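Single-structure report; data block below.
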Amino acid sequence: MSCFTDFLQNGIPASEALQKAVSAAVNGDRKLVFPPGEYHFYPEYCPQKYCYFSNNDEGVKNIAILLESVDDFTVSGNGALLIFHGRISPLCAFNCRNLTVEGVQIDFADSFVSDADLISRENGVAWFKFFGPHKVENGKIIFTDDFYDNLSGRLPFISYDRNTREVIFDPGTVTVPNSGILYKDGLVGVPDHFDKVKTDAFLVKHELRLCPGMVFDHCRDVLVKNTALYHAAGMGFLVQCCENCTIDSSVVAPRNRRASVSDDALHMTDCRGKLKVSNCQLSGTLDDSINVHGVFRKLKKRIPGGKMYYLEAGHYQQQGVFDVRPGDHLELRNRENGVPYATLELTGVCSCNKGFVILDFDESQLPECFVEGDPGWILETQADLEVTGTTCRPLNARGVLASGLRNVLISGCHFHTASAGVFISGDYSFWYESGPVAHAVIENNFFDNCNYAVRGATREPLAVFPELRSLQENFYYHGEIIVRNNRFRAAKRQLVSMMSVSKAVVENNTFESDDTYEFKFLSKDGYFFTDENSPMAAFLHCGEIKLDNNTNFDC
């Protein structure tokens, strides 16, 4: 056992002591232990690594606990609180097996999403009190004072309700440039565009997705339990290209802040095997609570008319993240209607750069209907997902977003979300997050005023909505989706929508009318298939439909 405090001697900096403790554990019995207490870490002495993190921003990361090709390793926190100063990724594991992280609490001294209170408005200037480290120099507000500080050059002020601890979506976010900023008596002055706001409390999201909390990349058999993440710039837990991962009895929630992590609490990309999320508390995030998906990539010819093919990332935040192996099967789909038209067995894979990998396969398997850039996904990355006993209360977006999975079980969860509580999609237009779900059971959950902001691609608390440009007769994108024994509480509205599902089952669900959140029917061309007259459970282009014994559904 390597105890962190054994290396805190003679005034050695904590970050240096941590590197010695990690090294001793890796070369010893592979157990790193933190005694109970509060410990502070700085970028100095942290190892650096250039990283590609899915749906986050690539770059050189300062990593406090870096594990590479280590098997049978345990990080045991005993409830210790680790506080990071500056831009640090607390834990990143690459190519590890049988890895356990337990009993750790993680927070940041710096705020990547800052709290701000509106104090006064006068002479065209809105004066704010900012909380957390900041200063104003040369007409700019500076937060982390490094190369990556506020790269966007914008300050989005997100309206926040102190009482409900939720984002206020009407009238929305006010964004001002990070220039011409004033400073007086500890207050920050920005151009006054706040005449329509309904609050004096705000969140200011001023950082890119550069410092996720914990990252597991190409790992196998990962267990995270009894662990808390209070803040991060990007995802909380990021699991990419892994096989078999469990997140149990863990927390992503604000601590002395209005927001927790700046994006998803838990993000799983391009994984294999079994993925489990159980008994977790996920709140205060500015994006989804849980997003689990595969990845569509574009198949192209490197040389026009030649036989050299390559698979290219579809979104810039998925560059450098490839889990494509010889022996895998690449399924190609029509980009208009999602119909699969070929499955290629890969005989060779050559990594070239962050943008693409070169593939070898029998070219006779490629039909004439192939169009340069058609989307394809690796069938072996169609994992199974279980989400049980988990509470999702993000400040924005959805509870569980699931796509590109074999079997999905979402059971015994509590959702209170600005967008859909559960959203099953499939996208090869922007994020390139695949794909069909073969079988899903969504049961015994409480959808508590979900989609109260009526945001995103659908209006309903539970929606199945693959983003298809056209619907093909006798083809259904998703397999069997079962929605049963759930409790819905909301203003009277559409509750469930399903599109392009081979078998749709909605049974034994109950609806409770609640006018806490007014339902405003919004319309946007090209998105919704429901309208004001749609029933509470609505279907479009589905095969078999079973709608039975739903209480107060009026359908």
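Per-structure values
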{"read-out": "Principal axis dimensions, largest first and in whole angstrom, of the range 450-555 by Cα", "value": "40, 32, 19"}
{"read-out": "Size descriptor, Kirkwood hydrodynamic radius, that averages inverse alpha-carbon separations across the range 245-288, Å", "value": "11.4 Å"}
{"read-out": "Dipole-positive endmost among Phe84, Ala490, Asn445 within the chain (Cβ charges, Cα centre)", "value": "Phe84"}
{"read-out": "Reach of Lys492 by Cα under 18 Å, taken over aspartates and glutamates that are not fewer than 8 positions away in the same chain", "value": "Asp448, Glu460, Glu512, Asp514, Asp515, Glu518, Asp531, Glu532, Asp554"}
{"read-out": "Segments 507-519, 285-297 sorted - mean Cβ within 10 Å per residue, highest first", "value": "285-297, 507-519"}
{"read-out": "Leading residue at positive end of dipole, the chain (Cβ point charges), from Ile545, Ala457, Val371", "value": "Ala457"}
{"read-out": "Sequence-distant lysines (8 or more away, or on other chains) whose Cα lies within less than 24 Å of Lys129", "value": "Lys140, Lys184, Lys196, Lys198, Lys205"}
{"read-out": "Simple Cβ-charge dipole of the chain, Lys/Arg +1 and Asp/Glu -1, about Cα centre, in debye nearest 20", "value": "480 debye"}
{"read-out": "For the range 41-168, diffusion coefficient by Stokes-Einstein and Kirkwood Rh (Cα), 4 °C, 1.567 mPa s, µm²/s", "value": "73 µm²/s"}
{"read-out": "Relative contact order (percent, whole number), the range 343-434, Cα cutoff 8 Å, 6+ residue spacing", "value": "22 percent"}
{"read-out": "Positive-end residue of Asn508, Ala259, Leu330, charge dipole of the chain with Cβ unit charges", "value": "Ala259"}
{"read-out": "Calculated log₁₀ intensity ratio I(q)/I(0) where the Debye formula runs over C-alpha points of the range 451-513, q = 0.18, 0.20, 0.21, 0.24 Å⁻¹", "value": "-0.73, -0.86, -0.92, -1.08"}
{"read-out": "Trp431, Trp377, reordered so the largest accessible area comes first (probe 1.4 Å)", "value": "Trp431, Trp377"}
{"read-out": "Cross-link partners of Lys31 among lysines (Cα-Cα below 18 Å; sequence separation of 8 or more within a chain)", "value": "Lys20, Lys225"}
{"read-out": "Debye-sum result for the range 313-366 in log10 I(q)/I(0), which assumes one identical scatterer on each alpha carbon, at q = 0.19, 0.23, 0.27, 0.30 Å⁻¹", "value": "-0.76, -1.00, -1.10, -1.12"}
{"read-out": "For the range 101-204, projected area of the alpha-carbon convex hull averaged over all directions, nm²", "value": "8.4 nm²"}
{"read-out": "Size of the range 152-232 as Cα extents on the principal axes (Å, biggest first)", "value": "52, 30, 24"}
{"read-out": "Size of charge dipole - the range 431-532 - debye, nearest 20, with Cβ of Lys, Arg +1 and Asp, Glu -1, no other charges", "value": "60 debye"}
{"read-out": "Cβ-placed point charges (K, R +1; D, E -1), dipole of the range 100-216 about Cα centre in debye, nearest 20", "value": "280 debye"}
{"read-out": "Values of log10 I(q)/I(0), in the order q = 0.14, 0.20 Å⁻¹, for the range 330-463 under a Debye, Cα-only, solvent-free model", "value": "-0.75, -1.12"}
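The values are calculated or read from the model by the stated rules, or taken from the named source; none is laboratory data. In this text, all values refer to a predicted model and were calculated from it rather than measured experimentally. Reconstructed Cβ throughout: ideal geometry from the backbone, glycine too, with neighbour counts over all protein chains shown. The protein model used for the area step is the full one, side chains on, heavy atoms only, and it has no ligands, DNA or RNA in it. Shrake-Rupley method; radii C 1.70, N 1.55, O 1.52, S 1.80 Å.
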